[in-house]
Amino acid sequence: MTTPTLHVRIISPQQLILDTSASSVSSKNPQGNFDILPQHANFITIVENEPIVVRTLDQKPLIFKFPLAIILTTENKVNIYTYIQSYSS
């Protein structure tokens, strides 16, 4: 039986920053720390100026920090959208 994994992509308007398989994604949002594991429920959050840790299948941590990122998780796919222009009303 195959162990489930996550497919993680970090995307900016200019380029695809990361496209890899991973065992987890961890970070912190205004509600606190969170971990995304395989078979996670659908999830969306905003992360501001906090490390986002993508743990690869060999357990190597890849650490990213962006001023603003949106993390969207569905069906073992984690898309992280970054370098998003903030706006004020």
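How much length is gained on full extension from LEU68 to VAL53, taking 0.36 nm per residue of separation minus their Cα-Cα distance?
Values: separation 15, 0.36 × 15 = 5.40 nm, distance 1.47 nm.
Contour length minus the Cα-Cα distance gives 3.9 nm.
For VAL47, what charge total do you get from the other residues with a beta carbon under 10 Å from its beta carbon, if Lys and Arg give +1 and Asp and Glu give -1?
Values: positive: LYS28, LYS65; negative: GLU48, GLU50.
Net charge around VAL47: 0.
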Exercise. Based on the Cα coordinates of the chain, what is the per residue volume of their convex hull in Å³?
Worked result: 101
Exercise. Please state the relative contact order of the chain as a whole percent: Cα pairs under 8 Å, 6+ residues apart?
Worked result: 30
For this session: Name the long-range amide H neighbours of ASN76: under 5 Å, sequence gap of 5 or more, or other chain; modelled H, no Pro or chain starts.
Result: GLN39, HIS40
Exercise. Check ASN29: other-chain or 5+ apart residues with amide H under 5 Å from its amide H, H built from backbone geometry?
Worked result: PHE34
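Since every read-out is calculated from the coordinates, none of them should be taken as a lab result. Here the structure is a predicted model, which is why all the values come from computation and not from measurement. All Cβ positions, glycine included, derive from the backbone under ideal geometry; neighbour counts span all protein chains shown.
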